[in-house]
Amino acid sequence: MKVHVECYAGRKAEERPVRFQLEDHEYVVVDVLDQWYGPDDRFYKVRADDGNLYILRHHPAAGRWSLESFRGPR
């Protein structure tokens, strides 16, 4: 699922996600819980302000983001 992501840009561009939009709802990233790299992509496991966990995938070469996983609160 495509998602629009706004990032914090510190020493480098798109350092970490700070908010994202799915359809017409905006979510604020409360915490980045994990980050890892694939061969061509970067993944971020984040907790949003709705209490849910999301895994966001960044495709730097294509300049796009996608939602890979979602988990509600337990």
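We did not get these values from a lab; they are worked out from the coordinates using the rules stated. Predicted, not measured: the structure shown is a model, and the values here were computed from it. Here the Cβ positions follow ideal geometry from the backbone for every residue, glycine too, while neighbour counts run over all protein chains shown.
Taking the average, over residues, of other Cβ atoms within 10 Å as the packing measure, peptides 53-61, 26-34 rank 53-61, 26-34 from highest down. The candidate values are [x] 14.5; [y] 12.3; [z] 13.6; the one derived from this structure for Kirkwood radius over Cα pairs in Å carries the label [y]. Just want to confirm a number: the relative contact order over the chain, from Cα pairs under 8 angstrom separated by 6+ residues, in percent. Dividing the mean separation by the residue count of the chain yields 23 percent.
Ranking ALA9, PRO39, TYR27 by Cα position along the charge dipole of the range 4-71, where only Lys, Arg, Asp and Glu carry charges on their C-beta atoms, puts PRO39 farthest toward the positive end.
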